[in-house]
Amino acid sequence: MNDDERSMAGRPGTGRVGQVKEVTSLSNPIIKDIKALSNKKDREESGTFMAEGLKLVIDALELGWTIRTLVYAKAAKGKPLVEQVAAKTVARGGLVLEVSEKVLSSVTRRDNPQMVVGIFEQQWQRLEDLHPEQGQTFVALDRVRDPGNLGTIIRTADAAGASGVILVGESTDPFSLETVRATMGSIFAMPLYRAVPNDFLAWSRKSGGQIVATHLAGSVDYRTIDYRKKPTILLMGNEQSGLPEQLAGAADRLARIPQEGRADSLNLAVATAVMLFEARRHLLALEAK
């Protein structure tokens, strides 16, 4: 196998149109390239990531994401939806691999893997191009560390009708396999932005929106804040240390979520969900008038 074939999984448009490659060996160079996407370094270098499941792949294609490689199990061959996705992949210049269940399990690191896996190009939006509008809500996450938290927040933001997720500072990778799994497909529907703290603060000052931050020192009940007059950026702190003073000091409102019992804080994903759906409740009330 030559170098061009070896790099097919990592480059858009290098699959042979009209051809499905059958792969049964774990040592196949293309399979090795795909398995390497479990490493952040390899995802960043290739600009790609892995998503599992036929529905997720179909949704991604419908939303215009670029697919580089489609992998499906032999048992899925001949199924109409799989054949349609394979045809779309080939038509868009992608590579299609038909593999054994052993190979698919190795790629996904699961004993009972999904029958279909897609390798997609990552998508990041430019924060400087974002101009929030009235009625929109965004989530800004400071140094989120846990892949499950991030994936759940992306999924929840999608469910709550948010318009985007902004990652501030050094955060876990939203395109890791663990995070993508936790999003349950919402990774394809939720615009993602990233910025260092200073750039985020500079953008927020001219965004026209209000920053509502949750903070242990917050004095405002989150239910009493008006989320309707301006677009809202919900700023949530790191799981362990919360918001640094630099970010907390820039918030328009420091909110608290009243709690009872012995717990002194909520899980980040849970707290974000509470804030998102409260903002949604206010906006729905506005629409009902």
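The values are calculated or read from the model by the stated rules, or taken from the named source; none is laboratory data. Keep in mind the model is a prediction, meaning the values are calculated, not measured. All Cβ positions, glycine included, derive from the backbone under ideal geometry; neighbour counts span all protein chains shown.
Worth pointing out:
- Picking from residues in segment 62-81 that are without any contact (Cβ under 8 Å) to a residue 40 or more places away in the chain and either crowded, with 20+ Cβ neighbours inside 10 Å or of a type in the set (G, A, S) (or both), the one that is farthest from F120 (Cα to Cα) is G78.
- D158 vs. criteria crowded, with 23+ Cβ neighbours inside 10 Å, in the same structural domain as E278 (by TED's automatic domain parsing), in contact (Cβ under 8 Å) with a residue 24 or more places away in the chain and of a type in the set (D, E, K, R): no
- Contact map, segment 110-138: first residue more than 30 Å from S204 (Cβ to Cβ), second residue crowded, with 17+ Cβ neighbours inside 10 Å and of a type in the set (K, R), Cβ cut-off under 6 Å, separation 6 or more or different chains; pairs are I119/R68.
- Criterion (closer than 25 Å to R145 by Cα and either touching a Ser or Thr at 6+ places or on another chain (Cβ under 7 Å) or at pLDDT below 95 (or both)) met by exactly one of E22, E44, E52: E52
- Number of the exception - H131 against (1) more than 21 Å from M184 (Cα to Cα); (2) not assigned by TED's automatic domain parsing to the domain that holds R280: (2)
- For segment 234-245, the criterion of a residue being at pLDDT 95 or above and among the hydroxyl-bearing types (S, T, Y) is satisfied by no position.
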